Amino acid sequence: MNILEKVVLKVLEDQQNIRLIRELLQTLYTSLCTLVQRVGKSVLVGNINMWVYRMETILHWQQQLNNIQITRPAFKGLTFTDLPLCLQLNIMQRLSDGRDLVSLGQAAPDLHVLSEDRLLWKKLCQYHFSERQIRKRLILSDKGQLDWKKMYFKLVRCYPRKEQYGDTLQLCKHCHILSWKGTDHPCTANNPESCSVSLSPQDFINLFKF
């Protein structure tokens, strides 16, 4: 209880992790209710009235956390939704994960409309998946158009998405030497470039499997 009190006081002071501590206190309170009402003295150490007092203390802490009014600093400047629609769409086209696009659309009603743009989801499908894979998973909307959003999430369940890395390792099939992309190694092959293959992190790990 002493540790919990210090944690609660810290949260009240910093106004950080409020939801997490509230959930912790609620779980503790529910557990104590079960012990006091159904089990009682056979499990709890000490006077039962002391445990009731501790439960009242937990309720008091919860009330204090619920009364916190978070003050947000005044922001003077452009927000994402202040940008022209063409720029907003241009930025959203840079997102490579459909879940990020959905999350962004939940931030504001205007963003939700943009996040449903068919062209966005079409480009996302074409970025991650081949034409052959897309043709196998065609889905039509009620209007008879291709539903690219539903197709994307169906394709994700069926095929791995294209992976992006800041830098990749190259394996020379002739020398069996690893090197970073863009760096040369003393290869004895007649055409060194044709011998190099890119390795994903999983491919690199697989090199050590016997």
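The values are calculated or read from the model by the stated rules, or taken from the named source; none is laboratory data. No experiment lies behind these values; they were computed from the predicted model shown. Using ideal geometry, Cβ is built from the backbone for each residue, glycine included, and neighbour counts are taken over all protein chains shown. Each accessible area value is taken on the protein alone, full model and side chains, heavy atoms only, with ligands, DNA and RNA left out. Shrake-Rupley method; radii C 1.70, N 1.55, O 1.52, S 1.80 Å.
Some points to look at:
- Checked against (1) of a type outside the set (A, V, I, L, M); (2) open to solvent by 80 Å² or more (accessible area, probe 1.4 Å); (3) not assigned by the TED database to the domain that holds Gly105, Gln145 passes all but condition (3).
- Within the set Leu12, Leu28, Leu24, the sole residue that is at pLDDT 85 or above and under 15 Å from Asn67 (Cα atoms) turns out to be Leu12.
- Tally, over the stretch 152-204, of residues that are within 30 Å of Glu131 (Cα to Cα) and modelled with pLDDT under 75: 11
- When the helices (runs of 4 or more DSSP H) confined to the stretch 96-210 are screened for residues that are over 28 Å from Phe80 (Cβ atoms), touching a residue at least 24 places away in the same chain (Cβ under 8 Å) and not aliphatic (A, V, I, L, M), those reaching at least 1 such residues are found at 131-136, 148-158, 201-206.
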